[in-house]
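The values are calculated or read from the model by the stated rules, or taken from the named source; none is laboratory data. Just so it is clear, the model here is predicted, and its values are computed rather than measured. No Cβ is skipped: glycine too gets one built from the backbone with ideal geometry, and neighbour counts run over all protein chains shown. We work out accessible area using only protein heavy atoms, side chains counted, and drop any ligands, DNA or RNA first. Shrake-Rupley method; radii C 1.70, N 1.55, O 1.52, S 1.80 Å.
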Amino acid sequence: MKVSTRWLSRYLDIGVGEEELCEVFTSIGLEVEGIEHLGTARQETLVVGEIKEIRQHPNADKLSVCMVCVGPNDTRQIVCGAKNFKPNDHVPVALPGTVLPGDFKISKSNLRGVDSDGMMCSGKELGLGEDHSGLLILEENTPVGTCLHDAIAVNWDTIFDLSLTANRGDCLSHIGIARDLAAKLNIALKLPQIHGIEVFEKERPQGHFLEKISIATDNCGCYSAICIKNIKIGDSPDWMKRDLAAVGVRSISNAVDIGNWVMMETGQPVHVFDAKKIRGNQLTIRQAKDGETIITLDGQKRILNGDMVVICDVERPLVVAGITGSVDAEVDGNTTDILIESAYFNPDNIRKSAKTLNISTESSHRFSRDIDRANIANHGVRVANLMTEICGGEIVSACWKVDNLREKTIAIDFQPSLIEELCGFPIPLEISENILTKLGFPIEKSNAENWKITVPPHRPDITCAPDIVSECLRIYGTDKIPTTPTKCTGIHHESDRSAVFCQNVGNYLSDQGFFECYNFALRNGNEIENLFGENAALPMRNPFNADQNCYRNSLVPGLLDAVKFNIQNGNSDIKFFETGHVVLRIDEKFNECLAIGCVMPIKPLERSWQSVEAADFYGVKALILPILKNFSQRLAQFNPIKTSNIWQPEHAAYCGFLDREKFQATCGFLNVKLTRAFDIKQYVLAAEIVIHPAIFSRKPEKVCHKPFSQFPRMSKDLSLIVKLDEPAANVEGEVMKAAQKSISNDVFIESIKVFDVYQGKEIPNGTKNIGLTINYRSNGRTLIDSEIQAAFNAMQSEVEKSYEIRKQP
């Protein structure tokens, strides 16, 4: 946002110099990115001179040698190439040491054998215009020898280029900037006088050009229109041209410039229609139709979609709402009757539409940051006042305002003691009250300790009491925070179990050939709800970016971004992992949890003469099992995933629950629809472990080492007929329970392993055969075959309650 100090001086008496003003801007959160001078900065060596004598240069036909008086008893010889001057003319003279725009330093020189002690200047050389045809000739009574800044009424100006945060849409205007400065410098704010025009909200004003205004979309909250007839299109006055040029806006015509000037003054974008080009005398604000076209003011044909908002007459769209107008209703040299639009559009919709159309305008920039919703019609009236003053014409009717905004005024209960509580030091009550008043926050006091503060419409980013404390501190000055000794308890990295765990996991996955990623912790809320369902997203109150407005629920989407980026850039080593935090809803409350995620394609992307076996579910499961042993030596059973938007059903599985075991691990193939949405054509394997912070406060499980048995084991094989969808892990678990019931105290089940899975002949439809080996062992003796057979038989009797035992032929 470019801000002109000359323009600001209309609204307040700044009273501080350039350097101090720069510090003030920075201190109130308006970062100064650059400073530009219109004209030159004040320099005592830039003075008014009087040409006393002119003679031809002896060695150059196009140069003259002039004797110029620049003060009492001070006459300088200056060589000049201009021709538009004569003796006794008063001109600007830059003496040696002067620095002109473009960092052009003036020094004594010798031009074609003649000494020159300075330079007489044109308007362009002083940065006061584009005229470079000759010297800038001053009035005859301009005092000779005085500093040029003091001698002539030229609008010298300093332009500050400010960087604004996304929540400060109110500062995209000179009045918004002036309001903050008035609060910081404790000076009066002088707002422009608006000559009243009656506003009709319920019915059409008499004499209005339009017969009907219809709002047919929720993306338009308010629309107002004022009619003026018999205006004269021409050039804007010089002061308006200079103001617009100072902030980087090109002058077009008086009618268009007035709308742009008011936008820069108030932050309210306005649009001026040629009223005679509106067909049917009615306007409708609606969603565009897919494929609808419009030729915008830059002459480009734009194809619209149903997410965009347009303003139409009875036949065609005339404006892409909040972004740009069209050639069908633009003001031109033949325009005599105009309609002034001032409206409110949904910021998210404008931001999305401008991005889709690849159009960025001053208007879309302001609408996307939100505008002052309470003064929409007043700002239109401001345009109408200037229009009649500069372009002539007559306002033919009252302002017609159609309002769909139904937002209530926000009032915040505020205790001044909260300032000291949050800041750590007090701000005097009278200063806090003065700051808030100058920023436009009305205060209603029940007593000294209880205030009710109304949030002004130009500050929609203020939603709670801590925001008000932040405003007080911002204006009061962080430089006034007293220096106090600070005590804090530090914790060494090695003493933080979660940090040590993440480091160990990172080392382990790096050893497995994975590369570490660092992604933003914020994702798009729509993406989160599409993947995890409604109410899964934790939104940010003041997001910096609409596409990153919620805290992430999973590391997987960010890792897929990395996969997509590397594929597009031709990288073949695509095995990535990340450790970070996610936010999940547990027991109806959001909890921040630690997460580890990794992704890899099933095959390397780079071709090779060697055949490489494709990775599979069991490979990625084996990858994460050593990590899971950090939480439990007795791992929970993996269960297949039936439905998921992230994981491919029946090709991924999970174990653990965050509310019980305080961790949950998921691994397998990612949902093909998800990977296709990221433009990834390969199948992708992934794993994600989410860990509740409570797990790190538990005492680590003691690992007890036992001696190996010195006695041989005995094995028995068992074949079971089970349902086709029965997980083998379930079968192993049931058999383990039955086996442990059937053995004596000095015998233990060393392992139960699946050695065969079979479907086909002799196996009923809808079932499968699972073959298991049960290994028995004792630490103190050699097992007897009859004993183990009896235990095996007892186990079979128990197992038959759940499964069919397949008898060997």
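How many of the residues in region 441-494 are under 20 Å from THR26 (Cα atoms), buried (at least 19 other Cβ atoms within 10 Å of the Cβ) and among the β-branched types (Val, Ile, Thr)?
Adding up the residues that qualify gives 3.
Given GLY248, GLY196, GLY207, which one is within 27 Å of the chain's Cα centre (by Cα), at pLDDT below 95 and not charged (D, E, K, R)?
Going through GLY248, GLY196, GLY207 in turn, the sole match is GLY248.
To keep it simple, each residue is scored yes or no on (1) in contact with a helix residue (DSSP H, G or I) (Cβ under 7 Å, 6 or more places away or on another chain); (2) modelled with pLDDT of 95 or more; (3) surrounded by fewer than 17 Cβ atoms within 10 Å (Cβ to Cβ).
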position: MET1; (1), (2), (3): yes, no, no
position: SER9; (1), (2), (3): no, no, yes
position: LEU12; (1), (2), (3): yes, no, no
position: GLY17; (1), (2), (3): no, no, yes
position: GLU20; (1), (2), (3): no, no, yes
position: VAL32; (1), (2), (3): yes, no, yes
position: THR40; (1), (2), (3): no, no, no
position: GLN43; (1), (2), (3): no, no, no
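For ASP274, are the conditions met, namely being acidic (Asp, Glu), surrounded by 14 or more Cβ atoms within 10 Å (Cβ to Cβ) and over 30 Å from CYS171 (Cβ atoms)?
yes
Based on what the data block shows, is THR409 closer than 28 Å to ASN346 by Cα, open to solvent by 50 Å² or more (accessible area, probe 1.4 Å) and not small (Gly, Ala, Ser)?
Considered against the rule, which asks whether it is closer than 28 Å to ASN346 by Cα, open to solvent by 50 Å² or more (accessible area, probe 1.4 Å) and not small (Gly, Ala, Ser), THR409 comes out as yes.
Considering each residue of region 324-360, count those that are of a type in the set (Val, Ile, Thr) and open to solvent by 10 Å² or more (accessible area, probe 1.4 Å), and give that number.
6
Would you be able to tell me the number of residues in region 567-581 that are open to solvent by 70 Å² or more (accessible area, probe 1.4 Å) and among the β-branched types (Val, Ile, Thr)?
The number of residues fulfilling the criteria is 0.
Could you grab me the full set of residues in region 72-102 that are closer than 14 Å to GLY145 by Cβ and open to solvent by 10 Å² or more (accessible area, probe 1.4 Å)?
PRO72, ASN73, ASP74, THR75, ARG76, HIS90, LEU95
Only one of ILE252, ILE311 is aliphatic (A, V, I, L, M), outside any helix (DSSP H, G or I) and buried (at least 23 other Cβ atoms within 10 Å of the Cβ). Can you tell me which?
Exactly one of ILE252, ILE311 is aliphatic (A, V, I, L, M), outside any helix (DSSP H, G or I) and buried (at least 23 other Cβ atoms within 10 Å of the Cβ), namely ILE311.
Let me confirm something: among VAL690, VAL747, which residue is aliphatic (A, V, I, L, M), touching a residue at least 40 places away in the same chain (Cβ under 8 Å), in contact with a Cys (Cβ under 7 Å, 6 or more places away or on another chain) and farther than 30 Å from GLY570 by Cα?
The unique qualifying residue is VAL690.
In region 160-188, what residues are outside any helix (DSSP H, G or I) and touching a Phe, Trp or Tyr at 6+ places or on another chain (Cβ under 6 Å)?
Listed by number, the list holds a single entry, ALA166.
What's the total number of residues in region 322-367 that are part of a strand (DSSP E or B) and under 18 Å from ILE258 (Cα atoms)?
8
Return the residue satisfying two criteria in turn: it lies in region 541-562 and is under 13 Å from the mean Cα position of the chain (by Cα) and surrounded by 14 or more Cβ atoms within 10 Å (Cβ to Cβ), and of such residues it is modelled with the highest pLDDT.
Among them, the one singled out is CYS550.
At least 1 residues that are among the hydrophobic types (A, V, I, L, M, F, W, C) and over 20 Å from THR675 (Cα atoms) in each: list the helices (runs of 4 or more DSSP H) lying fully within region 464-563 that qualify.
465-476, 497-511
Exactly one condition in (1) surrounded by 23 or more Cβ atoms within 10 Å (Cβ to Cβ); (2) more than 24 Å from ALA216 (Cα to Cα); (3) touching a Pro at 6+ places or on another chain (Cβ under 8 Å); (4) not small (Gly, Ala, Ser) is not met by VAL383; state its number.
Status for VAL383: all satisfied but (3).
Conditions: (1) modelled with pLDDT of 90 or more; (2) more than 21 Å from the chain's Cα centre (by Cα); (3) more than 20 Å from ASP659 (Cβ to Cβ). GLY570 meets all but one. Number of the miss?
(1)
For region 592-604, how many residues are at pLDDT 90 or above and over 15 Å from ALA521 (Cβ atoms)?
Qualifying residue count for the region: 3.
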